[in-house]
Structures are given as C-alpha cells and as structure tokens.
There are 4 protein chains.
Amino acid sequence: MKVKVGIINVTGYIGMEVARLLYGHPKVQLASITGRSLVGQKLGEVLPHLADIDLTIEKELGDVSLVFSALPHKESAEAIVQALDRGIKVIDISADFRLKDARDYKKWYEFVHPAPQLLDEAVYGLVELNRPKIARSRLVANPGCYPTSAILALAPAIKEGLIEPDIVIDSKSGVSGAGRTLSLKVHFAEANENVSAYALEGHRHLPEIVQELSRLNAKLKPAVTFVPHLVPMSRGILSTCYAKLAKANVDVVKRYRDFYRGEPFVRVVDTPPQTKQTLGTNLCLIYPTVDSRTGRLIVVSCIDNLVKGGAGQAVQNMNLMLGFAETTALEGLAVYP
Amino acid sequence: MKVKVGIINVTGYIGMEVARLLYGHPKVQLASITGRSLVGQKLGEVLPHLADIDLTIEKELGDVSLVFSALPHKESAEAIVQALDRGIKVIDISADFRLKDARDYKKWYEFVHPAPQLLDEAVYGLVELNRPKIARSRLVANPGCYPTSAILALAPAIKEGLIEPDIVIDSKSGVSGAGRTLSLKVHFAEANENVSAYALEGHRHLPEIVQELSRLNAKLKPAVTFVPHLVPMSRGILSTCYAKLAKANVDVVKRYRDFYRGEPFVRVVDTPPQTKQTLGTNLCLIYPTVDSRTGRLIVVSCIDNLVKGGAGQAVQNMNLMLGFAETTALEGLAVYP
Amino acid sequence: MKVKVGIINVTGYIGMEVARLLYGHPKVQLASITGRSLVGQKLGEVLPHLADIDLTIEKELGDVSLVFSALPHKESAEAIVQALDRGIKVIDISADFRLKDARDYKKWYEFVHPAPQLLDEAVYGLVELNRPKIARSRLVANPGCYPTSAILALAPAIKEGLIEPDIVIDSKSGVSGAGRTLSLKVHFAEANENVSAYALEGHRHLPEIVQELSRLNAKLKPAVTFVPHLVPMSRGILSTCYAKLAKANVDVVKRYRDFYRGEPFVRVVDTPPQTKQTLGTNLCLIYPTVDSRTGRLIVVSCIDNLVKGGAGQAVQNMNLMLGFAETTALEGLAVYP
Amino acid sequence: MKVKVGIINVTGYIGMEVARLLYGHPKVQLASITGRSLVGQKLGEVLPHLADIDLTIEKELGDVSLVFSALPHKESAEAIVQALDRGIKVIDISADFRLKDARDYKKWYEFVHPAPQLLDEAVYGLVELNRPKIARSRLVANPGCYPTSAILALAPAIKEGLIEPDIVIDSKSGVSGAGRTLSLKVHFAEANENVSAYALEGHRHLPEIVQELSRLNAKLKPAVTFVPHLVPMSRGILSTCYAKLAKANVDVVKRYRDFYRGEPFVRVVDTPPQTKQTLGTNLCLIYPTVDSRTGRLIVVSCIDNLVKGGAGQAVQNMNLMLGFAETTALEGLAVYP
C-alpha cells in the first residue's frame, strides 16, 4: 500500500517537478493535484511531459497523508492551515514558514502572516542541518533555491568558526528560478544572451540566509551581502561565496569533507563544479578553496534550482517525514550534456 | 544476480548516456567500460556526473554478457567481431551494421567493411518495427538519431501506402548530435544563436533511412530528400516530413494511432510536439496532419537524440535481447523545463 | 537639412530596430515616436540601449515626412489612413497592406479591413522585386519576415519556370519573431532548449507567400506547404525550400546569380549559409543546390528576421521612397560571433 | 586619403571584430591582414560575414601606419618589436605589454619576455584613465576584457579613497572570451545550459587588475580576489565588485557621475544594467550602489567583451593615436534583443 500524497498548485515549475519525481517513487502515490485556473483538465493536457500521470486537476485537495504546497506566498499559508487542520502533513514550497519572525513577512513579503503561531513549530527543511527535526515534523518549510546553495556552501565554515562575519554571496541562477509567471524579464529574447544582477536593494532570500547562518553559530553576527544574477539557461544555480578566514593554517577542504561525510546529496569536490553536473538531480556540489594572496575563503556551490533548490529537497523532506530511505526516488544521475 | 554488461568507448555522448541509464537498471550491472585515451582513470574523474558509478576505464573489455559499442565507425566493426567471437551479445551504436549492402560503406563512410558476412545477420534495432528479430539476435545495429525520428514518423504512412514516394525530411538537431569531438562548427560561440543546414550533398543517414523505408513497402520506391539542420540547443531532434497523400479521405491520425497502439515509447499526439517534452526520455512523439490546401501529409516527430536516438534505444534493445521488460530503466519522465 | 521621419509604436522589436538603424542615417532625423502605454516617458528609460536617441514617447505622431507604422494589424491600417491624409508617406510594418484581396483579412486575420480602397495602391515592399514601384509609392507594405526569406529563395526558380508548382517551405525562426508580447510559448524556460513546429493548420504568412510567388509567374499555380518552427535563439530565420525541377540540365546556381546580380543585399553563396552571418544586417544569403538523387531543387536562405525581415527592409524602402542611396544606414557588417 | 592600418592574426574573435569596426571607419583603410594557417585565402572565404572586405590573408604585414596585433602572447611581443622597428604604431591586443614588471610574464604567462625594455614605454590603453598618454604613444597595450570591466567599475571608488582595500570581483563572461581555439570547455554541448567558476587559483588578468588599481591610489594596497565565471552566451561581461566603504555618508553615485562626466563610452546608469544593452557597442555601463545593511559598496559593470573589452577599445585607442575623434566608427547602438 502506497502512501497517498498531493500537490497544491501543480502547474508551477516546482510543482510539476515534484510530480515528476514522485512518479518514480515506489512507496508513494500522487493521488491529488490542484491548480488555480485549470481545474478539470487532465494533467497531461496541461503539461504533456507528465501525460503518464493519470490525474485531473482538482479545485480541492483530496484525501492524502502529506501535501506539497506550491502556492505563492500568503496563499500558501492559508491553504496550509486548512491542511494541517485535516491532519495532513505539509511541506511548504513557498516562503511562508521559513522565517521565524512574523514581522519579517511584513517587511520582506508585504503581507501580515495569517498563522504566526505556526512559525515556531515549522522546521526549516534543509535536511543536512535539521534531519532529526524534519523527521518528527508535521510542517516543513522547504528552503529557497538561493538559500540552499548559499547555506550549504557556508555552513561548515560558519559552524566551525573558520571565517569572519563579513560575507559576500554572489549567485547566478537559471531563468526557471523566476517561475512560470510571464514577465518581460524572462521573455526569451530579453533573457537570452544576457546576464544581469537584480534585487540589489535586498532580495527576499536574504533574511532567510541570514537567519539560518546565524543559527549555526551564535557568536558570529554575519553581515551578508547577497546579489543574485540571472543567466541565460533554464536550470541551475551557482553561488560563489567569499569571506576572510578567521584563522590561518586551517585545512578547509578537510573540514568541509568531515562536515558533510556520509551526506548522500552533498559532495565536496576536487575540481570547480558546474551546474550542468547537477542537472535533474538532488545534488549539491561544493568546492571550497583559499585565495592565499588575500587570506580569503572562496566556496563555489552548484545545484539544480528546481531539484535540490526545490522539488528534490521537498521529496527528500517527505522521505524523512514518512520514514522512507532519504534517497528514494532521488537516485538518478545528471542528464549531461 | 545481475547480468554483467559493458560499454566500449564510454566517453562519447552516447556512451556516457548508456552508463547513466544502466545505473538505474535493476537487473543489469555495468561491469566493464573501456576508453581510448583515458585508460586507468576513474569514470567519475573524467565524467563527474557519473561519479556514483565506481568503475575504472580499461583498455580491454572485461567479462560481460552483452556489450554496447560506442566506437566510431570501422573501429566499431573490428571490436564487435572480437566480442562476438567471445560469445558476447552486441549492440552497435555506430553505423557499422546498419546498412545491408557492404558497398554502401565504401560509398558513404569511405572504408571497406571488415566483416561484411555479418551485415545480413545484424538486426536493425528499431524496436517498433523489428521487435521479434531483435529479441533473438546476438548483433543489433542501433539506429542513427535522424533515422529514428524520420522512420518512426513515416512508417505508418509508407507501410499502409498512404503517400506518394516523393518525400522530404527536414530535420533539426541539437548540437550533441555532432558528438564530443571538437570542431569549429560546434564551438560554442559559433553554434550559439545560429541555425544552419548541412550535408546538403547527402548525409550518411540518408541510405539508412531509404533502406528501412523501402523495406516497409516493396511497391514504393521512396525518393527521399533529407536535409539536417543544426540548432542551438544541447539535445533533441525534430523532424518535419512531407509527402503527397496517395489517397483522399484517409483518417491519417487514426491510422497512425492504430499502427502504434500499445507501443510504450511512441505517442501519436494531439498537438504539435516539442523536443523538450522528450528531454532525457526514450519517447518519440509523433504528430501527423494533412495540409488540405495541397493534399500533403505533414508529420512532425520529436525525440531526445541521445536517448531514443541513441542510448535509450540501445537499452530498449538490450532489454529485449536479455529478456527483460522492454521499458526497464526507461520509465523516467522528461526533465522539463 | 535632414528629412524628418517618425515611428508609430516604437516599443516593439521591429519599431526599436528601425530606431537603431535610423540613428546612423546621415540624411534622416527620427523626429517623432509614439507608443501605446508608455506616453511621456523618455525612450532611453524604456529602452536603455536607445538612450542616445533623445526623444520622448508621444501620443500623437508629430510633423514628419514619412512614418513607419509598427502597430499590430487592424490598428495599423487605421493609423495609416490618418497619416496618408496628412500627406505623410507610410511604410507599414504590419500585414495590413500586404494582401491584395480584402477578403483575405477576414479569413486570415479575422477583421474587416478598414481601408480596402488602398490595397491596390499599396506596393509590396520587397525591393528586389518591386524597386521602381516602391520608389514612386506613398504607401509601402513591408513584407513579413518569413515571406522575405521564402520569396527571395524561390523567386528566381519561379520566375524562370525552373520548378514544378509543388513547393515545401520549412522555416526556422528565432524567438524575437514572436514579438515582445508576453506568452508562455516564448517564456525563456519554455522556449530554451526546445524546437517546435507551429501553425500547421496554416500560418498567416502563407497567403502573402502564395500571392507574391503567383505574381512572379502567371502560368505556375504554386501549391505551397509552409511550416514555421521556433528555435532557441533571439534572431534569425533560415528557410529551406524544396521543389521538383521542371527541367533537367539547368545551371541553377548561374540562374540565381544572374537573377540577383547587382543586388546590394542578396548574396548567392557558395557554401550553406548560417543565420549568424546575417546578424544585425540587411543581408539575405541564398544557397541553391540540386539533390541529384531525386531531381529536387533545395534552396536555403538566411536573414536576420528583425532587419531584412523587418526594420532593415523598411529602411531600405524608405531610402528608395526618399531618393537616397538604397544602402544608406544599412552598410554595417554582421556582429559575429 | 585614408590612413592605412593592418591586423596581425585577423582570424581570432578580437581580430575579426577589429576588421568589422574598421570597415565603417571613414578615415582609416584596413590595408593588410595576416593569419597563421590560412595565408593566401580571401578573408570572405574564411569569415563569410566579412566578405565585403576585399582582402587576402598574407604571411607578412604590408605597408601600414598602425597595426593591431591579435596574436597569442609571446608571439605578439615578437611581432611587435619588428613592427616598431619599421616605424609602425602598435596596439597590442595580447597581454604582452600590459604588465610593467617583466618577471610577471614568467610567473603568470610562463615565458621570458622578449622585449622587457619596452614595458615601461608601453601605455595601458584604458582611455578613460590614460587618454593623454595614449594619444602620444607608439605602443599601446590594449586592456584585457575582465580588467576593463573591473577597473572601470572600481576606479572612481579607489581614486577617491571611498573603499577599504579588501575587494572582491566576481565576473561573468560570455564564451567568446575564451577565444576561437577549440577546447572541451567551450564545446557547445558542454558550455550550454551551464555556469562554472574557473581559474580559482589565480587568473592571468589578476595582476593586470591589481597593477592598474594600485596606480590609481598609492595609499591603497588593494587585496583583490577575482573569480571569473563562464556563462552560456556568446558575448558580454558583467562584473560585480564588492568592497567595504571607507567613509559613511558619501554620495557614491554622484562621485561616479562626476568621475565619468563627459566620457563618451562610460555611463553611470540608474538601474542595474544588462550585458545585452552593450551588445556590439563600445559602452561600459556602471551601476554603483550601497548595501546599507553591511556598509558595502557594490558596483555592477557591463561591457561587450569583444568590443569595449577588446576590438572597440582598440579602435578607440587607434582614434586617439591617429588624431581622430575618439568615437569614430564606434557610434552604433546595441543590437537588442
């Protein structure tokens, strides 16, 4: 008997990627999918690449044990409150339960959080840092794509006090990170053959990054500058992180290897990684190195923004929450080239 | 006990894609890989996305029951003769056993075939047309990428005598089809933001297409013009095929659906397909339609050139030859977007 | 004293490209630009790459001698009637004056033409075929991008009776051809790494192609199948045209060279052309060749869809209409790679 | 009477781009071009987009007043010594005369400089910083692409002492920056849909950046970390530069505007720039902003790596050296989209 799960708002890029991954899951059955404007249509009509999944888009979530919410922020929180009331475990792909301070939602997302009482209970779903809590939780906040790449890149250095608090995170993302909502910025002829920096006044993922890095080391007050960039490709995030080393003569690579020893999805690699090496997978490739001229640690990390930066991480969280092997349905190798 | 298989010349795009697909196969173990210049290196050092496959590139093929040869033409035939002598079943990814007339190798590939006695025995590995023969064969010639897309698009129309013999096949291929060998034509800055037609004097896949189409209908002498084009993407082939209808009032779509009924990897679709809908999968999407103004049949087909057009088709052939369910290790959905 | 010209609806891809080209014109001054939703803004605020053009987007066209209308169809015709009434020469970039039969607008564009009395007067602005008429005209219908590539590819063969009437035109276009209006089809992550055929039931450029080819040879009733494809690049169209030769032993290349002798923007080339070789230029590169196996003529043509397929051709028309050297402001070489 | 100039090694990306730009120059005649392996061929045969330039590739440089050397390093220095001996002014596009300390060539480029006596005389050809010297020079070292983007981004801040010496430069480059020499790294299917960091151990452009930044402010000893990244596009560099502000309450934007007031090719812009806005032009767009949370200056700069980062800057230098208006032949607007 497979466990029944659902996806709220399956038609965005993360939602459809969760569906793709679940299709290969031996212990879980995708039993209910909802959408906003396409209710009543077959999934395969709307998304032909998912035609093998014989489901119709519904208005209301059916009878499931766990649900992924891929709604936009605010709407997601509202739907999640209802799901929890029905006893359904929830993985929230929106940002609605990532931040611990309700005021941050007013400040960064411009809405009054409808369920602040749940913020404390929600577990930040970065498995490598919060595995036991996630396994016990009924509400997991799936991390943002940029935060996943940045926090995994910096966690060993921060936790072990290897770096000074002044941190620069320069991230390069494929265009799918901007979602499926139409805008001129991601219109093909505008985004193609083009690189740009954006959100220089402060991206919404910044408070999430700062919050989680701060929790890793109470003594360090990280001063983070985070600049995201759009690059002309569909998938992938590469984050390059910079900070001064706090101590000399530390074997940084060894520290990173020790920190991530045994992790199925995080690899500390010997040569600079490429986003393409993670395409379609739940991997995070991390390359720490020291610029000896300046005493600066540089860490490069690569993920597929829709997998480890979204749907794959959500399935990884689901596996933990339902007691399955963490890697189930996430074993595939990268589609390269 | 898994069946041991090998890959000769694993480092090309088709070779590495066979390795990726076999990694997920429950009944087969990739036990031996060879390369030409990289002997002694770990597979993961050469191809980081395959790091989970713990194998070293060898000079000689080890003890296996079946082997995929991904060598260039001529070299492949030589290696295959040796493998067959050792009692190993062979799937040849090169063109060396696709053509039935040895003189065609002189004409189209400019070499004297070293094993013409095997040409008759070799089975053309397009499963949808030759399933029973493939299952019994010890030597399968895996079809070329363009021929796969073109023959599947035209087979129902030709077999059932729906079209006149004058046929135009206009194919658009992603750049990986040109392989991993360096050349200015596929240098990024040259191939990017560019479309070109090539091999207008006659592409090597033409005799293969004509041979197989001719076998489908002895009465039809197809006069095929085939023009391949290079488009700026990594994977995918879309072929647009044109021919005058031989009869009026035929329900072409129904004929196509009937022809491919039950096929796991060929889909006759209702809306024009996109190559992206097949990315990473073994699917061939086919859209037949009639231009009523001119009485012309138009058939559009889409494949991933490295999967159904190469490695996936090879694994499909292997499944048949080893008696496994044909779809094993080929069930994954497209990586979209 | 420069001649003052204007652009109606400057903010689309063709409109902005006309502005770019006029900026380098020594005898013309872009004096007035209009837009629909951005009235009052500086051009450089809306389109930073045009910041050197110090103009504000206006609601109404100012005092000019000639205007380019880059409005959508129907709206364009309405604006043009007013401009002609003011004594302004007009180059219409929309389709509104390309077709001679008013009923075709109902059939193909779904509107009743507001000025059918002007259809006969309007000159189809393909300079290479209609040079003298254009020079005398006050209303030029700038050809569509696909028709430009297809008609120039086929004109010599049709005019000289070299081919049979059964013609296939398979065109591959960069995504800017779909314009700047947002749609999922041209959303970056959907269009990238993807090729698709569209408008298989009949594209709006088909009647335009048929009309103009028919005028070249009254005896030939061309039966044209035209299939456009979207390829993942910003600019460029490559059309591959197929037709049976009507006569044997014709030196096709010589006929093509003779036909286009002296043309500044059409080149009959010796090797298969690439769209990239025309990037940013008004060139049309044409490669005619015979498939001797089937007796079929194949003609490949390449243009930049926004220049020779739009803005450049419009400026070429303007030069003729205003009595300037035809190549003025169109001399730049391709931006390659 | 036009001034005759030449290009040594015209077949690389910068060489061919110099030829393109010179074609539109009213006062200069490209009179001699040399190549290494293609001697005797017409330029248009080798590079069809330059077919309008009626020149044959020669072995030896002809009679010219000024030459651009686009040879690889070391070879360039050797050719330049000969040209200077013939009384020819030289603009070196290689790195051979950029560094002032001959030992740096041993360290960073692994060769013993053949003409160290000229290093002091050579002028670093970043016009915005060295205009008068360039005008008087017979030997100008054209800056590297990354240094151009980085130095222009940081010059005002460093010269005016606005920042601390700890500087991070994170650059993203299109693939043409790697040149036309074949390598797997820039093979289409490998570079496409991929982002990677490289040269983390120290890129050859680092000493050039440090040298020039140091000359701007003798008191500041910049500790520069420079990480270049490859992004899947043909042209463009975006550099994001980070440094702590040395003083509070500085109007950074005003300082930048003042610094670059009157510069024809450097624009301090109000919104984050995009590389595409510079495509084909000699512009450098600069966006300085302060991250008030961390007191850090962020400067984003965009150039076309082959124009302002190469050929355009070379022509700008030539204009100065020959006494022409600096912007001659560089007035074209960006080819957008």
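The values are calculated or read from the model by the stated rules, or taken from the named source; none is laboratory data. All of these numbers come straight from a predicted model, not from anything done at the bench. Because the Cβ atoms are built from the backbone with ideal geometry, glycine has one as well, and the counts that use them run over all protein chains shown.
Residues of the stretch B:298-332 that are over 30 Å from B:Gly6 (Cβ atoms) and in contact with an Asp or Glu (Cβ under 8 Å, 6 or more places away or on another chain): B:Ile298 alone. Across the stretch B:188-229, the qualifying residues are those that are charged (D, E, K, R) and not in a helix (DSSP H, G or I), and the one among them that is farthest from C:Val269 (Cα to Cα) is B:Lys219. In the stretch B:221-233 there is no residue matching the filter, namely being at positive phi and either crowded, with 24+ Cβ neighbours inside 10 Å or more than 10 Å from chain C (Cβ to nearest Cβ) (or both).
Each residue in the stretch C:118-142 was checked for being in a strand (DSSP E or B) and surrounded by fewer than 17 Cβ atoms within 10 Å (Cβ to Cβ), and 0 of them qualify. Among the residues of the stretch C:234-248, write down those that are within 9 Å of chain B (Cβ to nearest Cβ) and in contact with a helix residue (DSSP H, G or I) (Cβ under 7 Å, 6 or more places away or on another chain). Of everything in the stretch C:234-248, those that are within 9 Å of chain B (Cβ to nearest Cβ) and in contact with a helix residue (DSSP H, G or I) (Cβ under 7 Å, 6 or more places away or on another chain) turn out to be C:Ser234, C:Arg235, C:Gly236, C:Ile237, C:Leu238. Screening A:Ser292 with (1) in the same structural domain as A:Val227 (by TED's automatic domain parsing); (2) among the small types (Gly, Ala, Ser); (3) more than 30 Å from D:Glu164 (Cβ to Cβ) gives one miss only, at (3). Of all residues in the stretch A:109-148, those satisfying the criterion of being closer than 21 Å to A:Val266 by Cβ and aromatic (Phe, Trp, Tyr) are A:Tyr124, A:Tyr146. Taking the condition assigned to a loop (DSSP other than H, G, I, E, B), closer than 30 Å to D:Val18 by Cα, out of contact with any His (no Cβ under 6 Å at 6 or more places or on another chain) and aliphatic (A, V, I, L, M), does C:Val315 pass? The answer is no for C:Val315.
Is the stretch B:320-331 home to any residue that is buried (at least 21 other Cβ atoms within 10 Å of the Cβ), hydrophobic (A, V, I, L, M, F, W, C), farther than 20 Å from A:Ile53 by Cβ and in contact with a Leu (Cβ under 7 Å, 6 or more places away or on another chain)? Please lay out each step first, then the result.
In the first step, residues of the stretch B:320-331 are kept if they are buried (at least 21 other Cβ atoms within 10 Å of the Cβ); the result is B:320-321, B:329-330.
Pick out the ones that are also hydrophobic (A, V, I, L, M, F, W, C) and you get B:320-321, B:329-330.
Remaining after also requiring farther than 20 Å from A:Ile53 by Cβ: B:320-321.
If we keep only those that are in contact with a Leu (Cβ under 7 Å, 6 or more places away or on another chain) too, we end up with B:321.
Taking every residue of the stretch B:320-331 in turn, at least one turns out to be buried (at least 21 other Cβ atoms within 10 Å of the Cβ), hydrophobic (A, V, I, L, M, F, W, C), farther than 20 Å from A:Ile53 by Cβ and in contact with a Leu (Cβ under 7 Å, 6 or more places away or on another chain).
Those strands (runs of 3 or more DSSP E) of the stretch A:1-117 in which 3 or more residues are over 29 Å from A:His205 (Cβ atoms) occupy A:28-34. Just for the stretch A:308-337: of the residues that are within 16 Å of A:Arg235 (Cβ to Cβ) and out of contact with any helix residue (DSSP H, G or I) (no Cβ under 7 Å at 6 or more places or on another chain), which one is farthest from the other protein chains (Cβ to nearest Cβ)? This residue is A:Gly332.
Quick check: is even one residue across the stretch C:265-274 farther than 24 Å from B:Ser171 by Cβ and aromatic (Phe, Trp, Tyr)? Yes, the stretch C:265-274 has at least one match. Scanning the stretch B:186-205 for residues that are surrounded by 22 or more Cβ atoms within 10 Å (Cβ to Cβ), more than 8 Å from chain C (Cβ to nearest Cβ) and out of contact with any Cys (no Cβ under 9 Å at 6 or more places or on another chain) yields B:Val186, B:His187, B:Phe188, B:Ala191.
Among the listed residues B:Ile93, B:Ile151, identify the single one that is within 18 Å of the chain's Cα centre (by Cα), outside the structural domain of B:Gly236 (by TED's automatic domain parsing) and under 30 Å from B:Ala243 (Cα atoms). Break it down into steps so the answer makes sense when it comes.
Values: B:Ile151 fails: outside the structural domain of B:Gly236 (by TED's automatic domain parsing).
Going through B:Ile93, B:Ile151 in turn, just one is within 18 Å of the chain's Cα centre (by Cα), outside the structural domain of B:Gly236 (by TED's automatic domain parsing) and under 30 Å from B:Ala243 (Cα atoms): B:Ile93.
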